[in-house]
Every structure is written in C-alpha cells, then in structure tokens.
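Please read the structure below before turning to the comments.
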Amino acid sequence: MMRASVGGSTAIVGIGRAMTRRGDGPPKTPLQLGAVAAVDALRKAGIKRGQVGALFTGRMPTSYMVLQYNQALLNELKIGPAFSSEVTSHGAGALGTLQLGAMAVHSGAIDYALCVTNDSSGVWLNQTHANAATEGELQFEYPYGASTPSLYAQFACRYMHEFNITPAMAARVAVENRRWALDHPHAAMRSKGPITVDDVLASRMIASPLRLLDCAVWYPGGIATAMVVTRADVARADHEPLAYLAGFGQCSTHEWVSERMGGWGYAPLEDGPNMFRTGAAEAARQAYAMAALKPKDIDIVQTSVPFSFAHLIILEELGFCGIGEGGAFVESGGIDYDGGLPFNTMGGYLSFGQVSQGLYNMHETINQMWGRAEGRQVPDVEVGLVHGHGGPLASHSAVIVSKERLQ
Amino acid sequence: MNYEMHKAIDWSQGLPLTAGDYFLGIYQPSPETAGYWEAVARRELVLKWCPHCRIAFHPKRIVCTACGADDLEWKRASGRATVYSFSEVHHAPSGVFAPSVPYTVGLVALEEGVHLFSRLIPEGDAKVAIGAPAQVEFRVMELGQLLPVFVVGKP
C-alpha cells in the first residue's frame, strides 16, 4: 500500500511538446520529437541535464522499434540518471511515467524525474493495417481472424448484454467527442464537421457492435510530450508549480482477451472474470484514496480508450455514474459539450486522434487549469482526472492533478 | 516432439502472420502449448488440468493459479460450450481473411469452466447469441491450419 503522504507531495514544473503532421515537411521520428520535447521541458523547468535523476519513457514507440527506447533517448539527451526505464504497461505506461517519477522524487533518492512519451506512427505507418492484428494472441486468437476492434468488441458485446446498453447510447460519446474536436486546432477530425447519433449508427460496420464512427481515428502525425516532476517543496522554492500530482493508481488485469477470462476472481477484481469490468475501477480507487477526493470534486476528465462503448465502462469505473449506468448517464447529457462533465476536451481518441501513447491528455488538462486551452477553455478548472489505457482494456492508470496543493 | 499437425503446415518454418502489408512474425506453438496442438491434430480438444486442485485451465497456462503447481496435465474437454461474447467481423485484419467476411469470432465458455477464443459458425438457421449452445469441430481455416472452431446451433 502506497503511503498516503505521497499524494500532493510532488508537482510538475516543466512541460515540453513537439508535434508533427503527416505531409508537414520532412517526416520526423519519435526520437526527434521526444528529444526536442525533453530539451524544451528541461528549459522551461529551468534545470540542467545533470540534474535529471530519473528518465521514464512510455513503451517503445510503434514507429521506432528499438529495445530499451529509454536508452536511445538518454543517449541523445546526454543525461546520466540514477533510474531509467520504459514503462511498458501499454498506453497506461504514459501516465505510469509520472507515477514512477513522483515516487522516485518523493522517496528523496532523486530531485528531478523527466517523463517523456512520443510517437509518430501516423507519419510512418499505415496503422489501420499495421495495428489491426497486433493485439491478438498469436496462437489462440489471431488465427481465427481476430481484428483489434473484434477483440474490444467482445467487451462491448457482453457489457451491452449485461446492462441493456444500446448502440445509440455509445454513439453519444462519439458525437460529444467530435463536438470538442471542432474547437481544437490540431484535432484529426476537426475538418469533418459535427456528427449525429444517426451518422454513427449509419456508418459501416467494422466488427459488431462497433461501427466506423465508434472507432478511434489514428492521429495523422506525431506528438511528443515531456514533463519534469519534482517534490512540492522544491517546486515552490525554485520553480512555478504547474500541477500537483494529488493521487494516482494503476491496475493491469491481462495481456490477451482470452486470459481476461481466466485467473481472476480475487482482489482487486473479485467480481471477475468477466468482460464488462476492467482495472480502471481499481486504478481510480487508488487515485481517489491518495488524493482524498471523490468523483464530484473532479472538474475535467480525459480518457484514452479507442472505442465509443468503452467510454461508458470507464465513466462508470471512474465513479461518475453507477455500474451499468454509463449509457443512461451519457444519454441524459452527462458528458454533453453544453453543460455536461467536461470530458475528452481535445476530442478524445475518437476525434482528436490516438497517438499510440502519450502524456498529451495530461498536457491538455494542465492547459485547461491555466486558461491556455485556446478556443475550448473550460471555466474554473482546479482538479482534473486523466485515465490512461492500453491493450484490449488490459492496463489502466489514473492520475488526479490539482492546480493548488490540496493535501 | 511431434509438431506435425496438418499436412499443409511445416512447423520447422512456422507460419507467417501478416496484417495488410506488414509482416508480424512467425506463429509457432510454444513448449507449454505443444500438447494442445498435437491433440488438435488428432481432432481432440484438451485443456490444462491441475491434478492437485482438480481445476481446468486455458491451454496456455503454465502454473496453477490456486496452488502454484507447474506439473499441469492435459485433460480432454467435452467440446460442449455456450457463447459468452461474440463479434461479427466485417473489416478483416489481413488479406487472407478478407474473402471470409463477415465471419464471427468470440469467446465460448466450455463446460469445464474455461473460456476459449474461437471462430463461431452458425449451423442452418441458428444465430450466434450470448448463451447459445456450441459444439467444437475441427476445420482447416484461412491460414491453412487445422483449428478447433465452435458450431452454434448444433445439439
């Protein structure tokens, strides 16, 4: 059990970002973007290379497959940290970098952790083809023709059955995500205009019950985000704290869909095995406990699941509605652009686009806190929750950040 | 160990897996699953079995989740199952599956309490639905490989 005192004891003091767009000049690799973002973050934090005590990167980018990607980045940055690692719990590892960074600085072993995520698969790969099969288990799933959507669809099918969830309820997520994306200058689907529930239900079937507009769009470019984490006392003495890491948690339940149905049934997932509950509930429970906050205290939420219906499960598990009530919550305006919970304010994976991995959702949350969210500013953001996910609903992380120190 | 499962397959070469233009790797049985594929070649469905706890597991399992034993045995399954979840695939993951769309993949709950991912094939007027009974059959599928599949609507 994490000592409660870690909650709020660390802060982000520098953020760097690098972006590229397909067709926007010579293509850039994730390493190019990551190095630029990292240098930018160190400069903004006002620290030198020699002060970096830990480097944590997301997992090896799909478009830059080297083992020990953290070493490639460390090499380029010419830093010599005491701790360095990829955080490999799929996409959940992006937020995992912040969690490990916070624990490393909280322990007192180091003063500064540099956390970097980067990918530019949208520039280098046809991901619609390349990713289609890579999430299937190669002996027991892929040979049956399991596409990635068809693996997530197993959760959708059973979840809809258990709780009488309809495709129209899930479609509302796609509609509201698109509405936010229309306000974001870099959103992949901005130029496509708004969509309706009927548009989603009329789009072509990919893997039932998932239609084209129920699915994430791959970001047509690349984004690197780098963040510097330090202790709150150091942050206040020597920097301008951008956000405090009030609480965080993580839970991974499986690697393959088949395995989700075997081997659980004990804490923390005593209600399993099943295909309609995920590790997000446990990740959120840890984060809320550490932050001493409740869902009603959260002003803004970002998540990173690639299919419409999965947002309903995640909204339930993050505590914004009851279990099985995700559909009714969304249908009654729970995440409406107008008046609902500010949810996926960049447009989410469905309409901003999925960058394989990234801290860009956290960057968005902190931008919202400081009034830097360009045309999509949410008023009075003090506390935000970011959910990270990877694998077929396999790995989940939750991080709660606050503008002021709460604990 | 005999890896020969079907005459179309030369296990010494493995099976190439592709997704669109991308080559993902070679698919081969692993030591802990070889017995499963040998049984498939005999058109039998087997599961891992802990002789101490008397629990059946997925064929990939290496250690018993209850007692930690690693001397798991192979035990023949009845092949009777019910559909747990399913998805009708309209957009195939690679060219080799494209001529088969739409086809249905899903999880079945075997009588022994183990869930397997498989192809679900409705027979006659049967519809694939949650809870529908299904029975194992062995068919050569798109990759040229003999696989256990589940026929829905067969008594």
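Some values worked out for this structure:
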item: Selection from region B:99-155 of residues that are of a type in the set (Asp, Glu), part of a strand (DSSP E or B) and in contact (Cβ under 8 Å) with a residue 60 or more places away in the chain; result: none
item: Residue match in region A:383-401 (condition: at pLDDT 95 or above, among the polar types (S, T, N, Q) and in a loop (DSSP other than H, G, I, E, B)); result: no
item: Complete set of residues in region B:113-145 that are closer than 18 Å to B:Leu45 by Cα and buried (at least 19 other Cβ atoms within 10 Å of the Cβ); result: B:Val114, B:His115, B:Leu116, B:Phe117, B:Ser118, B:Arg119, B:Leu120, B:Ala134, B:Val136, B:Met141
item: Residue count, region A:15-72 (criterion: of a type in the set (Lys, Arg) and within 16 Å of A:Ile110 (Cβ to Cβ)); result: 2
item: Which listed residue, of A:Phe56, A:Phe83, is surrounded by 24 or more Cβ atoms within 10 Å (Cβ to Cβ), at negative phi and either at pLDDT 95 or above or of a type in the set (Phe, Trp, Tyr) (or both); result: A:Phe56
item: Among the residues listed as A:Ser203, A:Ser208, the single one being in contact (Cβ under 8 Å) with a residue 40 or more places away in the chain, within 13 Å of chain B (Cβ to nearest Cβ), touching a helix residue (DSSP H, G or I) at 6+ places or on another chain (Cβ under 7 Å) and polar (S, T, N, Q); result: A:Ser208
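Yes/no matrix, rows are residues, columns are (1) buried (at least 23 other Cβ atoms within 10 Å of the Cβ); (2) on the phi > 0 side of the Ramachandran plot; (3) charged (D, E, K, R):
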| site | (1), (2), (3) |
| --- | --- |
| A:Ser351 | yes, no, no |
| A:Ser356 | yes, yes, no |
| A:Thr365 | yes, no, no |
| A:Ala373 | no, no, no |
| A:Pro379 | no, no, no |
| A:Val386 | yes, no, no |
| A:Leu393 | yes, yes, no |
| A:Ser397 | yes, no, no |
| A:Glu404 | no, no, yes |
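Here is a yes/no grid of residues against (1) part of a helix (DSSP H, G or I); (2) open to solvent by 20 Å² or more (accessible area, probe 1.4 Å); (3) in contact (Cβ under 8 Å) with a residue 12 or more places away in the chain; (4) closer than 19 Å to A:His90 by Cα:
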{"residue": "A:Gly122", "(1), (2), (3), (4)": "yes, no, yes, yes"}
{"residue": "A:Leu151", "(1), (2), (3), (4)": "yes, no, yes, yes"}
{"residue": "A:Ala174", "(1), (2), (3), (4)": "yes, no, yes, no"}
{"residue": "A:Pro185", "(1), (2), (3), (4)": "no, yes, yes, no"}
{"residue": "A:Pro194", "(1), (2), (3), (4)": "no, yes, yes, no"}
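Residues checked against (1) in contact with a Ser or Thr (Cβ under 8 Å, 6 or more places away or on another chain); (2) farther than 20 Å from A:Leu95 by Cα; (3) without any contact (Cβ under 8 Å) to a residue 40 or more places away in the chain:
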{"position": "A:Asp297", "(1), (2), (3)": "no, yes, no"}
{"position": "A:Pro306", "(1), (2), (3)": "no, no, no"}
{"position": "A:Ile313", "(1), (2), (3)": "yes, no, no"}
{"position": "A:Gly319", "(1), (2), (3)": "no, no, yes"}
{"position": "A:Glu331", "(1), (2), (3)": "no, yes, no"}
{"position": "A:Gly339", "(1), (2), (3)": "no, yes, yes"}
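The values are calculated or read from the model by the stated rules, or taken from the named source; none is laboratory data. Treat the numbers as computed from the prediction; the structure is a model and nothing was measured. Glycine also receives a Cβ, built like all others from the backbone with ideal geometry; neighbour counts cover every protein chain displayed. Just the protein is used for accessible areas: all its heavy atoms, side chains included, with ligands, DNA and RNA removed. Shrake-Rupley method; radii C 1.70, N 1.55, O 1.52, S 1.80 Å.
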